[in-house]
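Peer 1: If you scroll down you'll find the structure; I have some questions about it.
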Amino acid sequence: MRKVYMDHAGAMPLLPEIREAMLPYLDEIFGNPQSLHSWGDGARDAVEEARERVASLIGGSAEEIIFTASGTEANNLAIKGLARAKAEKGKHIVISAVEHFSVMNSARTLQKEGFEVTFIPVNGFGVVDPDEVFHNIRSDTVLVSIMHANGEVGTIEPIAEIAKRLLGNGPVFHTDAVASTGNMPVDVKTLGVHALSLAGNQFYGPKGGAALWLKRGVRMLPLMDGGIQEGGRRPGTEDVPAIVGLGKAAELAQRDLNIRMQTLTQLRDSLIKGVLSQIEHSMLTGHPVQRLPAYASFCLNFIEGEAILMLLNSHGIAAASGSACTSRALKASHVLLAMGISHEVAQGSMLFSLGLDNTEDDINYVLEKLPQVVDRLRQMSPLYSKYIKEQRG
Amino acid sequence: MRKVYMDHAGAMPLLPEIREAMLPYLDEIFGNPQSLHSWGDGARDAVEEARERVASLIGGSAEEIIFTASGTEANNLAIKGLARAKAEKGKHIVISAVEHFSVMNSARTLQKEGFEVTFIPVNGFGVVDPDEVFHNIRSDTVLVSIMHANGEVGTIEPIAEIAKRLLGNGPVFHTDAVASTGNMPVDVKTLGVHALSLAGNQFYGPKGGAALWLKRGVRMLPLMDGGIQEGGRRPGTEDVPAIVGLGKAAELAQRDLNIRMQTLTQLRDSLIKGVLSQIEHSMLTGHPVQRLPAYASFCLNFIEGEAILMLLNSHGIAAASGSACTSRALKASHVLLAMGISHEVAQGSMLFSLGLDNTEDDINYVLEKLPQVVDRLRQMSPLYSKYIKEQRG
Amino acid sequence: MPVYSEKVMQHFMNPHNVGEIPDADGVGEIGNPVCGDMMTFYIKVKDNKLEDVKYKTFGCGAAIAVSSMVSDMVKGKTLEEALEVTPSMVAKELEGLPKNKFHCSNLGAQALRKAIRNYAIKNKIDIPGLTDKEEPEEEDEHACET
Amino acid sequence: MPVYSEKVMQHFMNPHNVGEIPDADGVGEIGNPVCGDMMTFYIKVKDNKLEDVKYKTFGCGAAIAVSSMVSDMVKGKTLEEALEVTPSMVAKELEGLPKNKFHCSNLGAQALRKAIRNYAIKNKIDIPGLTDKEEPEEEDEHACET
Ligand SMILES: Cc1ncc(COP(=O)(O)O)c(C=O)c1O
Ligand SMILES: Cc1ncc(COP(=O)(O)O)c(C=O)c1O
């Protein structure tokens, strides 16, 4: 059976070059970067080189990079660490209604600690209005966190515009750029933020290699206590292979960004066009233009996401959904709901996240199978039969 | 030049079998364990198999294992998560004076949150007295954390005896078994604890693969917020290769524990005997018998650890020290000081932590070079010349 | 998709008795799309027996498999026998369900019960098992929103 | 050990002028073992020049390299010239030191200064640079304890 993987937002295969770069650090160069002997030197050099590369990818400087084990950790460190460090100045934070759970739930934890959280709504495309952010800033607002690109619908937020509005205002501005970094231009100076989360496994790097960029001089409390790794801001023995892999991923992303974006955008657009034209009662979710190059996301009415995924999987196709059933918490995606999509329609959400391994043939294969799958499920959907009956009058 | 690596406490090379077990999960089986398709299945199965193996190594059950990225993280999760979950019942915690920084500094962070911390002293061998722990338990004590084995001097603490004294008493009992797990028998039931930290990179597994074992039913707040991975107790995309490596390391450690312990104890004892007999003004640190099989730790008077390490390194030998200069915080090891060793003597501390790659020849090589190094540094030490002059009268 | 048993996968991939019965003797609908699961069961009764059972299901793999399994389990049975089918029997026949999908097995049994009740009301019959075993349905419908 | 420059490594591996001068004209001791660094400098003065400089050092690689470098830098110089050697000059000659080792370069210059002072006091000479540039020594000695 043909295999078509279109869940790159969920996981990506390591690029061979990245794998090769990591392998020596599994055994040969296995030292602890903190050790004072030759074995430590090799590991330390590798970590510092990776730090340079990651910094270079986002236009920051090396000493501003704090390695973490996941995007989730980077977000927790930023949200909690920045807010808690400024708790004496004020206890109000502002985030958007479409943040990843690692930001959203960190903010909820802060609520329990006495912080007040304002959730900025989004429009139907999932876009935050910079004015709205600006108008919600108060004298006690210490932190604003708005994601750079959404990991479910691919919408890109106007971070630079928000930063401009905040300028001169008190709050620290963090952006969760986990979904965007390595997949589109991300430059901390252009964005105008104070802190930015990124994760290598979103751009062909390894799981376990992620980072928080924190502008020099911005105070932050650590999430973990321990030794002096990462300047005490993130202690624990460094995961050298993962860090090296992240560094290599950053290097390759920087080198190939334009060509990657071009290829993926083209594939994405033919998938979007195909789905919308071939499947009735389907809609694109997220912004039609301001979206990640690899993200083709839809809602397919009258049917449920998990069932779609299972049937696609039986055809060798991997994708993702934000339906209640796929979430284990049994709640439909808060992102889709915040965009004004009904619970019912949100159940049929689908995300095809493309990757460098995908081809035009893959798109065609999906465009062959997806309509069949949708049709089959609609044939057994009571919602669809109701709709048809209503149509008939 | 001959190369002799004796800093296994700092980092270990992956065993080839462990490396082989991990490799497929770097690229072939790269899926996200949370994904609802075949790619996710392979990853999820691997993670669950690793969970079984880690649980089996320590006599726990699989659903009690929470994977983390480091021993440091497991300790932070335990200390903060357990104490905070019980803050309403009481705000007193008890730890020993020789805990790793990840426990020690987590407790200090809790102090800032209003907890009171009692530090239990140790004797000259670094051993905690169970009576002392017992007598410091109060009605508002919610957490006791005493390490299983010390990572600097190898002393093994009487955890089971402490657990017996605590029985029926309120506090949750955590032990940091990062240095011991995989290197000596560790069984959560025999130890009688409620929570236990372990890290694969201390028993030939990969960096990035560690775990907290938490007894079923014990309440704990998460350190990080986010998705539903690890039952919501530790969110973030699972680092599948690291988890697989940890699982394999657990399997091998369980299989080979006795032979490993036997081999290492023998090597260790000949190193200890050699150093103490060949080097004047040297002492063994830690308990002479209740110590980790691979740990040979000393204080070498009149000289400083970093300089020793550098000269050893010039002979191809890797070791570690707890001197002020090697710590970057420029403080002598709190472990040695807690054991009643003077600052001056603590400066000359050395830890040779052996591994499966070491041989009797390695021991002999160290026993040839170390005395030369010590002698050379003493020849330029003002402390040594003072001592000699005093001796001469 | 090893989260599901082989049996679940079989029923999901090839669900039995899918469809509607235009002139059904009883119809039962349960769940709502907010929760992600909705089932409509149709029954045809003859001589107090379920001569035919059909359904339409909107929902996850488990919901579809449960519908199919329930229809198989009760087809040909007397109404009383059919009412004895419990959610846990359905789950067991399916060789188990993931914990967070248990509610789907409830839905299946409930939808069928509703169809039988609908039949009973329309025909003014009193079936003992029907009222005795009534479950607090609202709770279940809102389980998804916790 | 690339935390250190090559120059530091050279001086550490082969320190120059190690030793004591039994009949030294001046002796200066600084640091204490609590901090992990201690230096004793010995000087021999002839015609207002440092005819010989030796030292003993307890401490890290940087401390040893600094001692060696200081001794090289001042040997043969007049006392006034020697007093002009600052910690940052020492660090520069060593092609840099890691941040947390800067205090070692202070120690080297200070120990030498102390030896010259000791010589000045013993011989009741007044050297201008000596008192002017006196540094708050206590602060430095306790730097390690922060
Ligand atoms: C926008 C965004 N932030 C954060 C994360 C968290 O990443 P991880 O699960 O790797 O920790 C994700 C994951 O996909 C994401 O899309
Ligand atoms: C006893 C003990 N606990 C915790 C740790 C922390 O481990 P890591 O630095 O891998 O997070 C160590 C490290 O050696 C240790 O020896």
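No lab work stands behind these numbers, since they all come straight from the coordinates. Because the structure is predicted, anything quoted here is derived from the model rather than measured. Note: ideal-geometry Cβ built from the backbone for every residue, glycine included; neighbour counts use all protein chains shown.
Peer 1: Kindly work out what percent of the DSSP beta bridges joining two residues of the protein assembly as shown are antiparallel, to the nearest 5.
Peer 2: Expressed as a percentage, antiparallel bridges in the protein assembly as shown total about 65.
Peer 1: What does the highest-first list of C:110-116, B:111-117, B:44-50 look like by mean Cβ count within 10 Å?
Peer 2: Taking the mean over residues of other Cβ atoms within 10 Å, the ranking is C:110-116, B:44-50, B:111-117.
Peer 1: Oh, and also: So for chain B: antiparallel DSSP bridges make up what percent, rounded to the nearest 5?
Peer 2: In chain B, DSSP labels about 50 percent of beta bridges as antiparallel.
Peer 1: Now, a different point. If each label sits 7 angstrom from Cα along the C-beta direction, how far apart, in nm, is A:Glu360 from its counterparts in the other copies?
Peer 2: 7.1
Peer 1: Moving on. For segment C:6-130, what is the charge dipole size about the Cα centre, in debye to the nearest 20, if Lys and Arg each add +1 at the Cβ and Asp and Glu each add -1 at the Cβ?
Peer 2: 200
Peer 1: While we're here: Output ³J(HN,Hα) for segment A:181-198: one whole-Hz value per residue in order, computed from phi by the Karplus curve 6.51 cos²θ - 1.76 cosθ + 1.60 with θ = phi - 60°, and x for Gly and Pro.
Peer 2: Working through the residues one at a time gives 4, x, 10, 6, x, 10, 9, 4, 6, 4, 5, x, 9, 9, 8, 8, 9, 8 Hz.
Peer 1: Distance from the Cα centre of segment B:288-331 to that of segment B:33-55, in angstrom?
Peer 2: One Cα centre to the other: 41 Å.
Peer 1: When you count, for each residue, the other Cβ atoms within 10 Å and take the mean per peptide, how do C:33-44, A:126-137, B:229-240, D:13-24 rank with the highest first?
Peer 2: C:33-44, B:229-240, A:126-137, D:13-24
Peer 1: Can you give the average number of partner chain beta-carbon atoms within 10 Å of each beta-carbon in peptide B:216-226, as a whole number?
Peer 2: Going residue by residue through B:216-226 and averaging, the value is 5.
Peer 1: Here's another thing I want to ask about it. Apply 1/(1 + (r/R0)^6) to the Cβ-Cβ distance of C:Asn48 and B:Glu88, taking R0 = 51 Å, and write down the FRET efficiency to the nearest 0.05.
Peer 2: 0.30
Peer 1: With an 8 Å Cα cut-off and a minimum separation of 6 or more residues, compute the relative contact order for segment A:1-53 in percent.
Peer 2: Taking the mean separation of contacting Cα pairs over the length of segment A:1-53, I get 19 percent.
Peer 1: While we're looking at this one, here's another question. Need one word for the protein assembly as shown: rounded, prolate or oblate. Basis is the Cα gyration tensor (sqrt eigenvalues a ≥ b ≥ c); a/c below 1.5 gives rounded, then a/b vs b/c decides.
Peer 2: Prolate is the answer for the protein assembly as shown, as a/c is 1.5 or above and a/b outweighs b/c.
Peer 1: Moving to a separate point now. Be a star and scan segment B:106-145 for residues whose amide nitrogen sits under 17 Å from the point 7 Å along the Cα-to-Cβ vector of B:Val289.
Peer 2: From segment B:106-145, the list is B:124-128.
Peer 1: Return the percentage of antiparallel bridges among DSSP beta bridges fully within segment C:6-130, rounded to the nearest 5 %.
Peer 2: 95
Peer 1: With angles folded into 0 to 90 degrees, how steeply does helix A:71-85 sit against the dominant principal axis of chain A? Use alpha carbons for both and round to 10.
Peer 2: That works out to roughly 60 degrees.
Peer 1: Quickly work out the A:Lys3-to-B:Leu276 label distance, labels modelled 7 Å from Cα along the C-beta direction, and quote it in nm with one decimal.
Peer 2: So the label points at B:Leu276 and A:Lys3 sit 5.8 nm apart.
Peer 1: To continue, here is another question. Mind checking D:19-25 for the average number of partner chain beta-carbons within 10 Å of each residue's beta-carbon?
Peer 2: Mean shielding count: 1.
Peer 1: Same structure again: For the pair A:Glu390 and C:Glu84, how long in nm is the line joining their label points, each one 7 Å along Cα→Cβ?
Peer 2: Using points 7 Å along Cα→Cβ, the separation is 4.2 nm.
Peer 1: Going by average Cβ neighbours within 10 Å, how do the peptides B:142-150, B:102-110 rank, with the highest at the top?
Peer 2: Packing order, densest peptide first, comes out as B:142-150, B:102-110.
Peer 1: Shifting gears a bit: Out of A:Ser96, A:Asn76, A:Asn358, whose Cα points farthest toward the positive end of the dipole of chain A (charges: +1 Lys, Arg; -1 Asp, Glu; placed on Cβ)?
Peer 2: A:Ser96
Peer 1: Another one. Looking at the axis that maps chain B onto chain A, which chain B residue has the closest Cβ, and how far off is it in Å, rounded to a whole number?
Peer 2: Nearest-to-axis residue on chain B, with distance in whole Å, is B:Ala69, 2.
Peer 1: Efficiency by 1/(1 + (r/R0)^6): what FRET value for B:Asn364 and B:Ser56, r their Cβ-Cβ distance, R0 = 25 Å, to the nearest 0.05?
Peer 2: The value I calculate is 0.10.
Peer 1: Once a ≥ b ≥ c are taken as the square roots of the eigenvalues of the Cα gyration tensor of segment C:6-130, is the result rounded (a/c under 1.5), prolate (a/b larger than b/c) or oblate (a/b not larger than b/c)?
Peer 2: The shape class here is prolate.
Peer 1: Hey, another quick one. What list of ³J(HN,Hα) couplings, whole Hz, do you get for segment B:244-258 from phi and the Karplus terms 6.51, -1.76, 1.60, once you set θ to phi - 60° and write x for glycine and proline?
Peer 2: After applying 6.51 cos²θ - 1.76 cosθ + 1.60, I find 4, x, 4, x, 5, 4, 5, 4, 5, 4, 5, 5, 9, 3, 5 Hz.
Peer 1: Another one. Just going by the charge dipole of segment B:16-253, with Lys and Arg at +1 and Asp and Glu at -1 on Cβ, which of B:Gly232, B:Gly60, B:Ala85 is farthest out on the positive end?
Peer 2: The one lying farthest along the dipole's positive direction is B:Ala85.
Peer 1: Considering only B:Leu221, B:Ala253, B:Ala199, whose Cα is most displaced toward the positive end of the charge dipole of segment B:178-294, charges sitting on Cβ of Lys, Arg (+1) and Asp, Glu (-1)?
Peer 2: Toward the positive end, the furthest listed residue is B:Leu221.
Peer 1: Another question, if that's okay. Using the basic label-point model (7 angstrom from Cα toward the beta carbon), what is the C:Asp23 to B:Asp357 distance in nanometres?
Peer 2: The answer from the label model is 8.3 nm.
Peer 1: Based on Cβ point charges of +1 for Lys and Arg and -1 for Asp and Glu, what charge dipole magnitude is obtained for the protein assembly as shown about its Cα centre, in debye rounded to the nearest 20?
Peer 2: 800
Peer 1: Then there is this: What average number of partner chain Cβ atoms lie no more than 10 Å from the Cβ of the residues making up D:28-38?
Peer 2: Across D:28-38, the average partner-chain Cβ count within 10 Å equals 6.
Peer 1: Rounded, prolate or oblate: pick one for chain B, where a ≥ b ≥ c are the square roots of the eigenvalues of its C-alpha gyration tensor, a/c under 1.5 means rounded, and failing that, prolate if a/b is larger than b/c, else oblate.
Peer 2: oblate
Peer 1: Sticking with this one: Any idea what the relative contact order of segment A:16-253 is, in percent, if you count C-alpha pairs under 8 Å spaced at least 6 apart?
Peer 2: Relative contact order, segment A:16-253: 27 percent.
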